[in-house]
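The structure appears right after this line, and notes come after that.
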Amino acid sequence: MTSAIQQQIVISGVGGQGVLFVTRLLAEAAMIRNLPVFTSETHGMAQRGGTVVSHLKVGDFSSPLIRRGKADGLLALKPENVAGGHGTYLKPGGWTVVNLDRPYPHVLAGPVHEVDADGLAETHGDSRAMNLILLGFALTRIGDDFFCGPDDVRAALEKRPAGKGAMRSDAPSALAAGMEAAR
Amino acid sequence: MGKTALEKDLKRDIEKELLLGNAALARGLVENGCRMAVAYPGTPSSEILSSVAALKTAEDLEMHVQWAVNEKVAFEIAYAGALSGLRTAVAMKQVGLNVASDPLMSAAYMGTKGGFIVISADDPGPHSSQTEQDSRLMAMMAKIPVLDPASPAQALEMTGPAYEMSETFRIPVMIRPTTRVCHARQDVPLGLIPRERGTVAFDKEPSRWAATPKFRFRLHGELEEKLKVIADYGPTAPVLLNDGANGSKAVLVSGVAAAHMPEILREMGLWDRLPLYQVIQPFPLHDAVMTDVLDRYEEILVVEETMGVIEMQMADRCKVRGKLTGHVDRVGELLPERIGEIVGEFAGQPPASVPMPSAPGRRPTLCAGCPHRASFFAIKKAAPKGIYTSDIGCYTLGLNLGAVDTVLCMGAAISQAAGFYHAHKAEAKRPDIVATMGDSTFFHAGVPALIDAVVQNVGFVLVILDNRTTAMTGNQPTPASGFGAVGEPLARLDIETLARGCGVGFCETADPYGLDDFIALLKRAVAHTRADGGGPAVVIARHPCLLDRRQGAAAHEVVRVAVTDDCDGCGYCVSHFECPALSLDEAEDHVRLDRALCNGCGVCVSVCPKGAIVDSG
Ligand code: SF4
Ligand code: SF4
């Protein structure tokens, strides 16, 4: 199975923010699009409030890891490790979508899209919905350069088994709030 | 095996599921008729057994799935299942295999009847382990075959041949995934799950299953014969990944390096020039293939993790480049960036340098509101100049609080406390000794050490951090939980009764959230150990882990704390208590509270020396 689409996205943050959740959701969206997918995740000790980074590779790949300088995009749930840290994964011109509530120094060559997803989540009434708001924002801002669209993510949310996903019954509305903020 | 993966891929109608490497292993076991799976949790292996348990529930399978008290016990249970003719499996992390090494070495001699798979997950890096040891070397020492998957899909695919090999040669077979396989997720083709129960029959054969040294000698000979044949076993032979590639140099890869390398070679334009072999079975090596490879090429680079297991078995090493020759790093994970450099140098084509991160990440810390934080704070108050031995679990992070001085291996907090006591007991001023150990670790390896400490009358305080779960690895049940791997009800052990049963005289339980009372209790415990002939004191710090959904939020009343203007920015709560919800705003000389992170434990109210953190109701 050869697929024309080849996309590598890094998702970063700290333990407890839902980096794994976003990664998994995007991987499920890729499955819905019938695209081959690989992710690599952080488990164990680093999940306890430490820096967490996931790799998502959509298309024909054999390795689960993204090499420095190769990523098409970076989704940063915390701004603190973008410059000099996870930003080094980006290829020249690669996009960044970052959650931040105050100016933060970053020296990235590619386009950077900033959004106060924590603030929006607070307004939305659920501080834990930050990750979905950021994702909604990114899907809209990056648009056609993203391998999937909001419909795929919504479908992935719907397909989630009750239990883990069910604690977020308002997930689609959080996604929509992020999309709205990107317009 | 690589070929069949491709063929399966081409069949578009095959059902695929997004599976974590560990879940793919679980699926492979179940698809191949595994009837008993036993494990002790440990990163990166933990999700293997929980995935088997989930499959058992979803598919309504008749099989035994359990968390055992430790890896040795897990191994022995699953092994006896295999002696009864069933296909069984045991799963653990690499250091868990150290604990299970005793039965492993013997089981290799005795062999098996039903298929027996030992999964030992390695952690190059290390990301969440004490060592970077290579389980393949343990397989070599035990003299059992080991398979080294490159991806979740391949891990699933390997379980079939592993069981067949195990039954054909009557030998335990190891599968050794690494973190990057265990914690990768991939779209994996699913197979059918068989429903047959399998025949259970233990055939008595004392000269094998209870062999005395004389018979062990014979069994050892048999084992060597088996290995010779396995070194020629077709289904696990090395595969040439780039058929048609031509050159005088070749590369051998195993494990996840076999996943990284094709992408790297393609990008560097080396795919057609460097024949690339994946070694699927690093021990025993397929001699004939290896001899052929050695004959055919002038130089051979071996890229494997974490030790040079393949490399050291290559008979004629003058053509071989790897860890032993210094061409490949001996320490740390082989990240694809590094592999690119290594293979580039080997091919005489150094790659462009890659930007590496300059900023260190945030260090891990106990969760906001974690009961362990309160326990550690109290320990430092009760025994300020003490020696603090600790152990493996979330609470290792007590390091950040200066309340952990030693971490060796599972259960060592107690025995090391004893060692420090014996070393210092003749001193005029003997330091107080406080050991911390989680409930799961106490059951795993702490109990024998406690018995020893009671018998030797060791003066030390053992604080058992009882959060009713194995937290670090994803909240697996402990023997005190009262339920098992699939949520089935089980007998519930009481830690206090157990400690008293070990002969401990001073044993009390309290909730560390009641900080002031808890400090007072610890002071009494310390006084007990100081008294002549006092001996050990055990304090059970009982409060559920906040991440354990099964124990629910019912665990505590949420205190809505606030930082008042009395805060003068001294930073005591940040440096001595380190709750992630509290941070010092140096410009403002004030501590900020992050409500999104705060879990409302209310402990910080008792921590602030200025009384500036209050319960705002
Ligand atoms: S109440 Fe205090 S110690 Fe507890 S989680 Fe909130 S800020 Fe941290
Ligand atoms: S997971 Fe549980 S035990 Fe571990 S740090 Fe968090 S609250 Fe504490």
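The values are calculated or read from the model by the stated rules, or taken from the named source; none is laboratory data. This is a predicted model, so every value here is computed, not measured. Positions of Cβ are generated from backbone atoms using ideal geometry, with glycine treated the same way; all protein chains shown enter the neighbour counts. Ligands, DNA and RNA are excluded from the accessible area calculation, which covers all protein heavy atoms including side chains. Shrake-Rupley method; radii C 1.70, N 1.55, O 1.52, S 1.80 Å.
Would you kindly derive the ³J(HN,Hα) couplings of the range B:196-210 from the backbone phi angles with the Karplus curve 6.51 cos²θ - 1.76 cosθ + 1.60 (θ = phi - 60°), listing them in order in whole Hz, with x for Gly and Pro?
Result, ordered by residue: 4, 6, x, 8, 9, 7, 8, 8, 5, 7, x, 5, 9, 6, 9 Hz.
Please name which of A:Leu139, A:His124, B:Pro489 has its Cα lying farthest along the dipole of the protein assembly as shown towards the positive end, using unit charges on Cβ (Lys, Arg +1; Asp, Glu -1) and the Cα centre as origin.
B:Pro489
Antiparallel as a % of all DSSP beta bridges within the protein assembly as shown, to the nearest 5? Please list the in-between numbers first.
Details: 32 of 97 bridges.
So the antiparallel bridges in the protein assembly as shown amount to around 35 percent.
Tell me which lysines have Cα within less than 21 Å of B:Lys204's Cα, excluding those fewer than 8 residues away on the same chain?
Within the straight-line cut-off, B:Lys204 pairs with B:Lys113, B:Lys214.
Arrange the peptides A:88-95, B:83-90 so that the one whose residues have, on average, the most other Cβ atoms within 10 Å appears first.
Highest mean packing first, the order is B:83-90, A:88-95.
How high is the relative contact order of chain B? Use alpha-carbon pairs under 8 Å, at least six apart in sequence, and give a whole percent.
Reported relative contact order: 11 percent.
Could you give each residue of the range B:94-100 its phi-based ³J(HN,Hα) in whole Hz, using Karplus coefficients 6.51, -1.76, 1.60 with θ = phi - 60°, and x for Gly or Pro?
In residue order, the calculated couplings are 4, 6, x, 5, 4, 5, 8 Hz.
A:Glu122 to B:Glu508: FRET efficiency via 1/(1 + (r/R0)^6), r the Cβ-Cβ distance, R0 45 Å, to the nearest 0.05?
Details: r = 43 Å, r/R0 = 0.95.
Efficiency computed from Cβ-Cβ geometry: 0.60.
Post the alpha-carbon centroid distance, the range A:26-104 to the range B:339-375, in whole angstrom.
Measuring centre to centre over Cα atoms gives 14 Å.
Positive end of the dipole of the range B:223-365, charges at C-beta (+1 Lys, Arg; -1 Asp, Glu), about the Cα centre: which of B:Gln278, B:Pro262, B:Val331 has its Cα farthest in that direction?
Comparing the listed Cα positions along the dipole, B:Val331 ranks first.
At a 1.4 Å probe, what is the % contribution of carbon and sulfur to the accessible area of the range B:488-617?
Values: 3420 of 6790 Å².
The computed percentage sits at 50.
Based on Cα coordinates alone, diagonalise the gyration tensor for the protein assembly as shown, multiply each eigenvalue by 5, take square roots, and list the semi-axes in whole Å, largest first.
On the way: eigenvalues 352, 272, 121 Å².
In descending order, the three semi-axes are 42, 37, 25 Å.
Considering only the range B:237-347, what is the antiparallel percent among its DSSP beta bridges, to the nearest 5?
Around 15 percent antiparallel, to the nearest 5.
Sequence gap at least 6, Cα distance under 8 Å: using those rules, report the relative contact order of chain A to the nearest whole percent. Intermediate values should be presented prior to the final figure.
Details: 370 pairs, mean separation 37.9, N = 183.
Computed over chain A, the figure is 21 percent.
Let me know the shape class of the range A:33-183, please: from the alpha-carbon gyration tensor, a ≥ b ≥ c as square roots of the eigenvalues, rounded when a/c is under 1.5, otherwise prolate if a/b is greater than b/c, or oblate.
It is rounded, given that a/c, with a ≥ b ≥ c, falls under 1.5.
Find the centroid of the Cα atoms in the range B:456-489 and in the range B:398-449, then give the distance between the two in whole Å.
Cα centroid to Cα centroid, the span is 17 Å.
Let me know the shape class of the range B:237-347, please: from the alpha-carbon gyration tensor, a ≥ b ≥ c as square roots of the eigenvalues, rounded when a/c is under 1.5, otherwise prolate if a/b is greater than b/c, or oblate.
rounded
How big is D for the range A:25-75, in µm² s⁻¹ as a whole number, if Stokes-Einstein is applied with the Kirkwood radius of its Cα pairs at 37 °C and 0.692 mPa s?
Result for D is 271 µm²/s.
Give the separation of the Cα centroids, the range B:580-617 to the range B:64-125, in Å.
47 Å
Which value in deg cm²/dmol, rounded to the nearest 500, describes the helix-derived mean residue ellipticity at 222 nm for chain B, given -39,500 (n - 2.57) per DSSP H run of n ≥ 4 and division by the residue count?
Value at 222 nm, helices only: -10500 deg cm²/dmol.
For n ≥ 4 DSSP H runs only, could you compute -39500 (n - 2.57) per run for chain A, divide by its residues and tell me the 222 nm figure to the nearest 500?
-9500 deg cm²/dmol
Relative to the Cα centre, what is the charge dipole magnitude of the range B:371-542, using +1 at the beta carbon of each Lys and Arg, -1 at the beta carbon of each Asp and Glu, and rounding to the nearest 20 debye? Intermediate results must be reported in sequence, preceding the final value.
On the way: 14 positive and 15 negative charges, 89 e Å.
The calculated dipole for the range B:371-542 is roughly 420 debye.
Just how large is the dipole of the range A:9-119 about the Cα centre, in debye to the nearest 20, putting +1 at every Lys and Arg Cβ and -1 at every Asp and Glu Cβ?
Computed about the Cα centre, the dipole is about 360 debye.
For B:255-262, what's the mean count of beta carbons from other chains sitting within 10 Å of each residue's beta carbon?
Values: counts 0, 4, 1, 2, 6, 5, 2, 3.
That works out to 3 on average.
If amide H atoms are built 1.01 Å from N in the plane of the peptide, which residues on other chains or at least 5 residues away come under 5 Å of the amide H of B:His64?
Here B:Met36, B:Ala37 satisfy the definition.
For A:Lys159, list the lysines whose Cα falls under 26 Å from its own Cα; do not include residues on the same chain fewer than 8 positions away.
Within the straight-line limit of under 26 Å, A:Lys159 reaches these lysines: A:Lys57, B:Lys8, B:Lys11, B:Lys16, B:Lys56.
Any lysines with Cα under 17 Å of the B:Lys228 Cα? List them, leaving off those in the same chain fewer than 8 positions away.
Candidates past the 8-residue exclusion: B:Lys143.
Could you run the numbers on buried accessible area between A and B, total for both chains, 1.4 angstrom probe, in Å² to the nearest 100?
When A and B are taken together, about 3900 Å² of accessible area is lost.
Rounded, prolate or oblate, given the Cα gyration tensor of chain B, with a/c below 1.5 counting as rounded?
Working: a/c = 1.95, a/b = 1.54, b/c = 1.27.
It comes out prolate by the Cα gyration axes.
If you count, for each residue, the other Cβ atoms within 10 Å and average over each peptide, how do B:466-472, B:65-71 line up from highest to lowest?
For the peptides B:466-472, B:65-71, the packing ranking is B:466-472, B:65-71.
When the solvent-accessible surface of protein heavy atoms is calculated with a 1.4 angstrom probe, in what order do B:Thr436, B:Thr199, B:Thr325 fall, highest first?
Output order, biggest surface exposure first: B:Thr199, B:Thr325, B:Thr436.
Give the average, rounded to an integer, of partner chain Cβ atoms located within 10 angstrom of each Cβ in B:300-312. Don't jump to the answer; show the numbers that get you there.
Working: counts 0, 0, 0, 0, 0, 0, 0, 0, 0, 0, 0, 0, 0.
Going residue by residue through B:300-312 and averaging, the value is 0.
Going from most exposed to least, what order do B:Phe283, B:Phe215, B:Phe442 have by accessible area with a 1.4 Å probe?
B:Phe215, B:Phe283, B:Phe442
Would you mind checking B:Lys385/B:Lys425; B:Lys72/B:Lys323; B:Lys523/B:Lys610; B:Lys385/B:Lys523 for any pair whose Cα atoms are more than 21 angstrom apart? It would help to have the intermediate numbers written out before the result.
Values: B:Lys385/B:Lys425 16 Å; B:Lys72/B:Lys323 31 Å; B:Lys523/B:Lys610 23 Å; B:Lys385/B:Lys523 13 Å.
With Cα atoms farther than 21 Å apart: B:Lys72/B:Lys323; B:Lys523/B:Lys610.
Could you sort the peptides B:373-382, A:19-28, B:581-590 by per-residue average Cβ neighbour count (10 Å cutoff), highest mean leading?
B:373-382, A:19-28, B:581-590
State to the nearest 20 debye the size of the charge dipole of the protein assembly as shown about its Cα centre, where the only charges are +1 on K and R beta carbons and -1 on D and E beta carbons.
With Lys and Arg at +1 and Asp and Glu at -1, about 1240 debye.
Just checking the output field for B:184-193: average partner chain Cβ neighbours within 10 Å of each residue's Cβ?
For this peptide, the per-residue mean of nearby foreign Cβ atoms is 4.
Hey, what did the range B:237-347 get for relative contact order, percent, Cα under 8 Å, at least 6 apart? Before the final figure, lay out each step's value.
Values: 171 pairs, mean separation 32.6, N = 111.
Result for the range B:237-347 is 29 percent.
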